[in-house]
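No lab work stands behind these numbers, since they all come straight from the coordinates. Computed from a predicted model, the values in this text were never measured in an experiment. Don't worry about glycine lacking a Cβ; one is built from the backbone with ideal geometry, like all the others, and counts go over all protein chains shown.
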Amino acid sequence: MVAKDLIAEGLHSLKITDTGTSALVLMDEYKVWHLPVTDQESYLGLITETELYTLEDPDCTLDNLKASFQRIFVNEHDHVYDVIRMADSSKVSVIPVLNGKQEYIGLITLQKLLAGFAAMSCSGFPGAIIILELNVNDYLLSEIAQIVESNDAKILGIYLSPHTESTKLDITIKINQTDIRSILQTFNRYDYIVKASFSPKDPDEDLRDRYESLMRYLNI
């Protein structure tokens, strides 16, 4: 998935001839605090809600704030991970997208970015999540996959989260099964540290838990 696939439909950029008032109205309508400013197809930069409030006359055009525009953007073929990195580092609410000619073609909202990442990460597929903790040098994707597949399951997605103050990793694995007891046992047998696991409950199992809780209550 690349940046152009994440462009939000129906959201417009600001024109350099727009006023501060109209810009604030559009930001309120879109529920964002940044918007791109364009001059025809040319991308000039992002304007922030904070900068708009510095205008002495809110009916002045955005040309008066040109020096404060932020040149933040991604190219249309940038991978979704690059878009996420840009959003995180710049702390913006929208990310402008430019084509190969460096012309503005649309913007990505944080909601659209999150939805795109969720679709790419198979979050909509049923299954369980396992989080392992191990040293960087001990990470072997082939061994982790072998453990999962030896229990008649498949890995739908895997993400690495390095610890900032050590050489350890958190490895988050999405599995295509909800019953992962045998997988967890195998990881323990291979001396993996299972930091956490999340699995949707079977309705019958949930009913049994409620019944057992009721029986324990009645026995008090």
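Points worth noting:
- Where Y190 falls short, out of the listed (1) touching a residue at least 40 places away in the same chain (Cβ under 8 Å); (2) under 28 Å from M86 (Cβ atoms); (3) hydroxyl-bearing (S, T, Y): (2)
- Where D78 falls short, out of the listed (1) of a type in the set (D, E); (2) exposed (fewer than 13 other Cβ atoms within 10 Å of the Cβ); (3) under 25 Å from the mean Cα position of the chain (by Cα): (2)
- Strands (runs of 3 or more DSSP E) contained entirely in the range 100-178, each with at least 3 residues that are surrounded by 14 or more Cβ atoms within 10 Å (Cβ to Cβ) and polar (S, T, N, Q): none
- Of all the listed residues (L35, L98, L52, L11), the sole one being more than 23 Å from the chain's Cα centre (by Cα) and on the phi < 0 side of the Ramachandran plot is L52.
- Number of residues in the range 1-56 that are in contact with a Gly (Cβ under 8 Å, 6 or more places away or on another chain), part of a loop (DSSP other than H, G, I, E, B) and under 21 Å from I105 (Cβ atoms) equals 4.
- Test: residue in the range 57-78 that is among the aliphatic types (A, V, I, L, M), touching a residue at least 24 places away in the same chain (Cβ under 8 Å) and out of contact with any strand residue (DSSP E or B) (no Cβ under 9 Å at 6 or more places or on another chain): no
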